[in-house]
1. Report whether or not ILE79 is assigned to a strand (DSSP E or B), within 29 Å of ASP205 (Cβ to Cβ) and not polar (S, T, N, Q).
2. Just checking, does the stretch 50-65 include any residue being more than 21 Å from CYS145 (Cα to Cα), basic (Lys, Arg), without any contact (Cβ under 8 Å) to a residue 40 or more places away in the chain and outside any strand (DSSP E or B)?
3. If you check every pair at least six apart or on different chains, which have Cβ atoms under 8 Å apart with a residue in the stretch 181-204 that is within 20 Å of ALA49 (Cα to Cα) first and a residue that is assigned to a loop (DSSP other than H, G, I, E, B) and among the charged types (D, E, K, R) second?
4. How many residues does the stretch 83-103 hold that are outside any strand (DSSP E or B) and in contact (Cβ under 8 Å) with a residue 24 or more places away in the chain?
5. Got at least one residue in the stretch 253-260 being aliphatic (A, V, I, L, M), touching a strand residue (DSSP E or B) at 6+ places or on another chain (Cβ under 6 Å) and not in a strand (DSSP E or B)?
6. Suppose the filter is more than 24 Å from TRP284 (Cβ to Cβ) and either in contact with a Phe, Trp or Tyr (Cβ under 7 Å, 6 or more places away or on another chain) or crowded, with 17+ Cβ neighbours inside 10 Å (or both); does ILE194 pass it?
7. Does GLY7 satisfy being of a type in the set (Gly, Ala, Ser), farther than 22 Å from ALA124 by Cβ and not in a strand (DSSP E or B)?
8. Across the stretch 274-295, what is the total count of residues that are outside any strand (DSSP E or B), in contact (Cβ under 8 Å) with a residue 24 or more places away in the chain and not hydrophobic (A, V, I, L, M, F, W, C)?
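The values are calculated or read from the model by the stated rules, or taken from the named source; none is laboratory data. What you are looking at is a predicted structure, and each value in this text was computed from that prediction instead of being measured. Every residue, glycine as well, gets a Cβ built from its backbone with ideal geometry; the counts of neighbours run over all protein chains shown.
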Amino acid sequence: MTKELYGTMPDGRDVEAYVLSNDQISVKFLTFGAAMDELWMPDKHGNRANILIGHPHLEDRIANNTCRGEICGRVCNRISGAKFVLNGVEHKLMPKSADEQFTLHGAMEFNTALWEAKPASDNAIAFTYTSPGGMHGFPGKLDTCVRYTLNDNALLIEFEATTDADTVVNLTNHAYFNLAGASSGEIFDQLLRIDAEYYLPLNEDLCPTGELVPVAGTRFDFRELRPIGEVYDVNFCNPGAVEACDPVSGRRMTVETDLPGVQLYTGECLCEPFTGFCLETQLWPDAPNQPGFPSVVLKAGETWRSWTRLGFGVVG
């Protein structure tokens, strides 16, 4: 593990970069947003490339707030109406904008926060952050830890959160991948498999309608490996195997998680659109307003835990 200064926040606080490496993979993390900034791996010929879409400088991360590799929370994805009811009390949240009345990624708190970093072992680093009670309308102080562990050809991401008052929690890492390399262009020809029977249809605000719709016979059927091919921003329900690969470089990644959803997003908001795809493991979007969805409620005194494992290799 190595450590260096990455940049300085406008208020003068230092942003640090940590690098975990082994014979195959090297990953750079930032205390800004507990972000994955770069991930270098070889192709089938042994040529190494960075497969994460990041930012060249801290100033770009601050100015272009598009969640590139950072942790999103308290509740990732969308909460419709920028409000929810918990224990009979309505909590009003910060909307995305005056024109878009939903809350996105917890009002962009965790991904822009400066986290504390501490090596957890020779191949692991832990980031911690405390969100004050009432921040952006969310009840309860939330103490959060995200631990990254690099083992051989896999990166394990472990989440843990506790609160002093009942609240809602749904954390994810919002990394954009391009398996051909970060500067190689659009990702539509890269291959994807998401072994899920159902997806969540969306309304005009891109919030779930509450229905579960079978993927069979729709453009959302990724049960067999096929090109990404189109623009997506959709949650798949209860996915089994998840994998992606680039047929030219041979780079392949797999996603395993204990969470019941994965959001496929093809990067329409990027400065160079569609040059990276996200596979965000999560509880389902708008769960605070959808009683039929898996719960995101965290009770005071309890601990929320989750894990996601990203595997990397080559084929062909």
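1. Numbers: assigned to a strand (DSSP E or B): yes; within 29 Å of ASP205 (Cβ to Cβ): yes; not polar (S, T, N, Q): yes.
The answer is yes for ILE79.
2. yes
3. From residues that are within 20 Å of ALA49 (Cα to Cα), the pairs are PHE188/GLU230; GLN190/ASP246; LEU191/ASP246.
4. Going through the stretch 83-103, the residues outside any strand (DSSP E or B) turn out to be 87-88, 93-101.
Then keep just the ones that are in contact (Cβ under 8 Å) with a residue 24 or more places away in the chain; that gives 87, 93-94, 100-101.
Going through the stretch 83-103 one residue at a time, the tally reaches 5.
5. yes
6. On the way: more than 24 Å from TRP284 (Cβ to Cβ): no; either in contact with a Phe, Trp or Tyr (Cβ under 7 Å, 6 or more places away or on another chain) or crowded, with 17+ Cβ neighbours inside 10 Å (or both): yes.
No, not satisfied.
7. Details: of a type in the set (Gly, Ala, Ser): yes; farther than 22 Å from ALA124 by Cβ: yes; not in a strand (DSSP E or B): no.
When the stated conditions are applied, GLY7 does not pass them.
8. Residues meeting the conditions: 9.
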